[in-house]
Amino acid sequence: MNLEAFKKFSTFEESKEVPKVDVWSYTRVSSKEQFASNGSVQTQKSVAHEFAIENNYRLTHEFGGTYESAKGDFTRKEFNNMIAEVRKSRTKPFAIMIFKMSRFSRSGSGGISVVHELVDNIGVHLIETSTGLSTATPRGKNAILAKLVEAERENIERLEFTIPGMKNFLRAGSWLGTAPLGYDHHGPRVKDYDRLSHKQKLVLNDTGKILQKAWQWKIDGKRDYEIISDLKSLGIDIKKQKLSDMWRKTFYCGVSVHSLLEGEAVRGNWEPMVSMDDFLKVQKIIEKNNVGYTVSKINEKRPLTGFVTCKSCGNKLTSYEVKSKGLHYYTCQNKCEGSTMNAETLEKSKKEGINNIFIKLLDEFQLKEGLVDLFKKQLGFSIDYINSDDLESEKNIKKEIDSLNKELEKLEEKYIFHGLPKQTYDKYFSKIQTEIHDKTIQLEKVKNKISNREDVIEKCVSISKNISKYWGSGNINIKLNIQKTIFPTGLVIDAKNRQYLTKEVNTVFARIPDLSRDTEGQKKDSPINLIDESSLVAGTGLEPVTFGL
């Protein structure tokens, strides 16, 4: 019998054009070096786009595109963003495309659990674009899960081979990773052709030589914001957090404490920026600043935070703001009697604000018009005494620069006329030029200190005549500089009576009340004794007197 009549009972339908379905993609490499050099991310993206076109998919979202280690799944920012977006998206994609499953995860069971959540709970598939495998089929899903297990196995084997080698590398005094700020990295794997070397060398560069000064400034008692300002004037713009990290990094004193050393400390094969003794001195300064009190973030409205000490318990005052009312307060950690004090005097204040009391204290050190000439003479003694050392320094530095220039001339003669090898010439030329550069900066700094004598005096007089006004209207740095200059060791407050007790006053400013009393108590035209320059300098320095302006 002819079967043609039975065809109408078939359920087969001719294929129609398959509508496009939405897919997403995820791309990554493991390290910054790979991201910068091998173009793998771009290749992964290109393959994803081509795969989408070939399979009539619509690629609507792309995640990754950067370097993220696959050791941990949820330590990756872009990976987390993708999973979070899948969970909250109302319109789920059909699938997420990955070039290879090792790009998706190397955590084994962790990666498998993510796949189960995506496929079984959310209904979003995974597609490996390099092979076409998809979790949309049971066999494809099984193969993808097997690939995740294999990726973890490869990772374990790689670590078993590399970690012992990395430990030996560190114990030999080498450094793992890029060189910290202030050093040039020479070695077999560096990108800069000029720094290629068969053996690792970490060389202190010009930035590092300037940063050396910062360690000494820290030991001398300078605060971080002052050090940041001084470094900026020397051409180094460093953030507060970066500087704070530097103080704590043992690398800078030539010691490695890498986590792979498992608690061991190893002396490194590089020139230290700071001695071990000085590094430990800085740690003591940091520890001292962090013991016994917590200083809140410095605020324009609370400049005395951490500067004033409670008479009752000896702790520094902290501070806070009642944001709902916009009111600022200082307080003592131990909650001594009366130790919570309003910063400003307001109409409804029962007691005067301690900022206002501080302004009154400053008024005692305000220079009166009739004392200007005497104050100028007194300050002139200080500057001249300091400059006597600087003049000698200027003379010595000039001699050193002349000597270095002569060395440079001799080096050039040997190279041009006596066949000195170019490699040797370049090495010593660079060394001498660096020394000349450093000496020139040092010379300019000394010259500036010497040449601006009159400017410094006039600036100091101008500020001293309006000391409380400058403090009241100045920004936070002006306020802090004035406080530290006049009262170098801070102030003590009797909280109960709202009264400041001075511990130490800068010698120059301590003379202002004395000069006022002298002029009021002596007859007209009577000579007034000025303290000699050596005792004056013992209590102050040129830079503090200028308030950092």
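The values are calculated or read from the model by the stated rules, or taken from the named source; none is laboratory data. Please read all numbers here as calculations on a predicted model, not as lab measurements. Please note: Cβ atoms are built from the backbone with ideal geometry, for glycine as well, and neighbour counts cover all protein chains shown.
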Restrict the check to the stretch 522-545 and report whether at least one residue is hydrophobic (A, V, I, L, M, F, W, C), at pLDDT 70 or above and more than 35 Å from the chain's Cα centre (by Cα).
no
Output the residues belonging to the stretch 48-65 that are assigned to a helix (DSSP H, G or I) and crowded, with 17+ Cβ neighbours inside 10 Å.
Ala48, Phe51, Ala52
In the list Ser468, Ser464, which residue meets the criterion of being of a type in the set (Gly, Ala, Ser), at pLDDT 85 or above, buried (at least 17 other Cβ atoms within 10 Å of the Cβ) and within 30 Å of Ile354 (Cβ to Cβ)?
Ser468
List every residue pair whose Cβ atoms lie under 8 Å apart, where the two residues are 6 or more positions apart in sequence or sit on different chains, the first residue falls within the stretch 283-304 and is farther than 27 Å from Ile357 by Cα, and the second residue, located anywhere, is among the aromatic types (Phe, Trp, Tyr) and at pLDDT 70 or above.
Gln283/Trp247; Ile286/Trp247
Any idea which of (1) part of a loop (DSSP other than H, G, I, E, B); (2) modelled with pLDDT of 90 or more; (3) buried (at least 18 other Cβ atoms within 10 Å of the Cβ) is the one Lys92 doesn't satisfy?
(3)
Output the qualifying pairs, or none if there are none: Cβ atoms under 6 angstrom, residues six or more apart or on different chains, first residue in the stretch 211-229 and over 10 Å from Val282 (Cα atoms), second residue of a type in the set (S, T, N, Q) and surrounded by 18 or more Cβ atoms within 10 Å (Cβ to Cβ).
none
Leu411: part of a helix (DSSP H, G or I), under 23 Å from Asn205 (Cβ atoms) and not assigned by TED's automatic domain parsing to the domain that holds Leu231, yes or no?
yes
Quick one: how many residues across the stretch 167-181 are on the phi < 0 side of the Ramachandran plot, under 30 Å from the mean Cα position of the chain (by Cα) and surrounded by fewer than 15 Cβ atoms within 10 Å (Cβ to Cβ)?
4
Filtered residues of the stretch 101-131 (kept if charged (D, E, K, R) and either surrounded by 15 or more Cβ atoms within 10 Å (Cβ to Cβ) or in contact with a Pro (Cβ under 7 Å, 6 or more places away or on another chain) (or both)):
Arg103, Arg106, Glu128
In the stretch 236-271, anything of a type in the set (Gly, Ala, Ser) and under 13 Å from Gly208 (Cβ atoms) is listed as Gly254
With (1) within 28 Å of Glu369 (Cα to Cα); (2) modelled with pLDDT under 80 as the list, and Ile486 as the residue in question, which single condition is left unmet?
(2)
The lone exception for Lys360 - which of (1) touching an Asp or Glu at 6+ places or on another chain (Cβ under 9 Å); (2) surrounded by 13 or more Cβ atoms within 10 Å (Cβ to Cβ); (3) within 19 Å of Asn466 (Cα to Cα) it fails
(2)
Any idea how many residues of the stretch 134-185 are among the polar types (S, T, N, Q) and in contact with a helix residue (DSSP H, G or I) (Cβ under 6 Å, 6 or more places away or on another chain)?
2
Of all residues in the stretch 462-497, how many are more than 15 Å from Phe509 (Cα to Cα), part of a loop (DSSP other than H, G, I, E, B) and of a type outside the set (D, E, K, R)?
4
What pairs can you find where one residue is in the stretch 407-433 and free of Cβ contacts under 8 Å to residues at least 40 places away in the same chain, the other is β-branched (Val, Ile, Thr), and their Cβ atoms are less than 8 Å apart, with a gap of 6+ or different chains?
Glu407/Ile432; Leu408/Ile432; Leu408/Ile436; Leu411/Ile432
When you go through Cys313, Cys332 one by one, which is the residue that is over 25 Å from Tyr225 (Cα atoms) and either modelled with pLDDT of 85 or more or in the same structural domain as Asp220 (by TED's automatic domain parsing) (or both)?
Cys313
What residue, among those in the stretch 337-350 that are within 19 Å of Thr309 (Cβ to Cβ) and over 36 Å from the mean Cα position of the chain (by Cα), is surrounded by the most Cβ atoms within 10 Å (Cβ to Cβ)?
Gly338
Do any residues in the stretch 245-269 that are at positive phi have Cβ atoms under 6 Å from those of residues that are of a type in the set (Gly, Ala, Ser) and surrounded by 15 or more Cβ atoms within 10 Å (Cβ to Cβ), where the two are at least six apart or on different chains, and which pairs are they?
Gly254/Gly268
Take the residues in the stretch 416-461 that are modelled with pLDDT of 80 or more, in a helix (DSSP H, G or I) and aliphatic (A, V, I, L, M), then tell me which one is nearest to Val203 (Cα to Cα).
Ile432
Are there any pairs with C-beta distances below 6 angstrom linking a residue in the stretch 120-135 that is under 19 Å from Val47 (Cα atoms) and assigned by TED's automatic domain parsing to the domain that holds Lys147 to a residue that is surrounded by fewer than 22 Cβ atoms within 10 Å (Cβ to Cβ) and of a type in the set (Gly, Ala, Ser), with the two at least 6 apart or on different chains, and if so which?
His125/Ser134; His125/Ala136; Ile127/Ser134; Leu133/Gly140; Leu133/Ala143; Ser134/Gly140
